[in-house]
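Note sheet for the following structure.
The values are calculated or read from the model by the stated rules, or taken from the named source; none is laboratory data. What you see is a predicted model, and the numbers here were worked out from it, not measured in a lab. Neighbour counts run over all protein chains shown; Cβ positions are idealised from the backbone, glycine included. Note: areas computed on protein heavy atoms with side chains; ligands, DNA, RNA excluded. Shrake-Rupley method; radii C 1.70, N 1.55, O 1.52, S 1.80 Å.
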Amino acid sequence: MTVETEMAEAAKRADRKARATRKANGAARPLDEIIWFKDALLETSSHHVIKTLIDAGALVALVAASGTGKTFVALDMGCHVGAGVDWRGLKVKRGVVLYLAPEAGRSVLRRVVAWRTLNRIDDVLLAIRPLPVDLLRPDADTATIIQLCAEIAAERGPVVLIVVDTATYF
């Protein structure tokens, strides 16, 4: 048995044990949701948006000084994911990208047109929302964005990446 197989089997056993514990208790206890040091396993599955860079479900921040190209990088990543084209030599999982652009607004559209022209790709699953967004207050735009993702998923497939450009807006 290889190390990877042993690890996968141990992960399955740990998962079954955790589910059984939660079921026996009727509800999850906070203590059931932690992983002890000795039980930590290396996940070998490939649930990624951009391999080795962005895992599915991860929160990622591009942090740098103003004017250093964060929007360019984020938009380039989003277009590659939406097109299903490797990004800088890294494999991507094709899927819908929701690009929230509260500050960049319609200037992002110029960059999208330039990307489309340069790469000669028309079929990119990228949806741009060039409107203000407040994700900090639960009673503000969070429900709207969740609903938007559900509607996009119904029409085009699941949203695999959400880009918020820029966090200074908050």
Of all residues in the stretch 31-71, how many are at pLDDT 75 or above, part of a helix (DSSP H, G or I) and more than 30 Å from V85 (Cα to Cα)? 5
Name the strands (runs of 3 or more DSSP E) wholly inside the stretch 95-170 in which the number of residues that are touching a His at 6+ places or on another chain (Cβ under 8 Å) and within 15 Å of G82 (Cβ to Cβ) is 2 or more. none
Report the residue count in the stretch 96-126 for those that are open to solvent by 40 Å² or more (accessible area, probe 1.4 Å) and at positive phi. 1
Go through the residues of the stretch 68-91 one by one and say whether even a single one is open to solvent by less than 40 Å² (accessible area, probe 1.4 Å), aromatic (F, W, Y), in contact with a strand residue (DSSP E or B) (Cβ under 7 Å, 6 or more places away or on another chain) and under 16 Å from V164 (Cβ atoms). no
